[in-house]
1. Per the Kirkwood treatment, what hydrodynamic radius in Å, one decimal, follows for segment 103-160 from the mean inverse distance over all distinct Cα pairs?
2. Assign unit charges at the C-beta atoms only (+1 for Lys and Arg, -1 for Asp and Glu), then state the dipole size of segment 92-155 relative to its Cα centre in Debye, rounded to the nearest 20.
3. What lysines could a cross-link reach from LYS117, if we take a straight Cα to Cα line under 17 Å and drop same-chain neighbours fewer than 8 places away?
4. What does the highest-first list of 189-197, 80-88 look like by mean Cβ count within 10 Å?
5. Which pairs, out of LYS133/LYS215; LYS134/LYS215; LYS118/LYS140, put more than 31 Å between their alpha-carbon atoms?
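Every read-out reported here was derived from the displayed coordinates using simple, explicitly stated rules and does not represent laboratory data. These numbers come from a predicted model, not from an experiment. Positions of Cβ are backbone-derived with ideal geometry, glycine not excepted, and every protein chain shown enters the neighbour counts.
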Amino acid sequence: MDFYQSQSNLTALEWVLRAVVAFVFLVIVAKVLGQRAISQLRLLDFVIALVIGNIIAHPLSEEQLGLQGSMISTTVLVALYSGGVFLILKWPWFRSLVNHPPITIVKNGTIVYDGLKKARISLDVVLEEMREKKITDVKKVALAVWEADGRMSFFLDPKYEAVTPAALGLNTEPFNLHRVIIKEGVFNVQELRKTQKDEEWVVSRLDRIYQAKVKDVLLATLDHNGNLSVFFYQNR
């Protein structure tokens, strides 16, 4: 058990064992802390982000420490992380062990107290999440679930949903993505090619409509109808 104690010279195998023990220990600690403690990171993502930074930082800041142990530990941790991701994709039981299933917090306008306890969150957290989603009343919520990444998903009761053209049976224009063709005074050549326009066409439009040059443009976008929207560094 030399790898468990403080040693000035550890073998490569002892560094590997130390990294494995530390990784498993931190996974258990993060699991016990609960998803709220690690915010919007998945369990394995949180562990790998926490550990690698510390491993590399110490030998860089302390001259008496070598890089060999840190490099071995980092390599082992990356391998463990990659293996964990593979197991999550391969085995449902391991997935449920690492990433908890969604927990129902609100159902049909009623707060599920058992769900709060299971997710280890307070009522204040639910109310905060509702304010962020601009939901004014719990009774408007048909379903709210606590996700594995520490966020809440809300589904409003259909009678409180915003009215959409589809609900009214109205025809709408197809989706129109405005392409950024100039950004900070420089042409985005790849996006410009997709619009079937060229730089000469854009330059002529800028000169004719705005009496401006490309270098004066902070942002310019073009839709599929050829409508040019331009934003300048200085208001015109």
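1. Hydrodynamic radius (Kirkwood, Cα pairs) of segment 103-160 is 11.1 Å.
2. Values: 11 positive and 8 negative charges, 28 e Å.
About 140 debye.
3. LYS31, LYS107
4. Highest mean packing first, the order is 80-88, 189-197.
5. Numbers: LYS133/LYS215 39 Å; LYS134/LYS215 40 Å; LYS118/LYS140 23 Å.
Result: LYS133/LYS215; LYS134/LYS215 exceed 31 Å.
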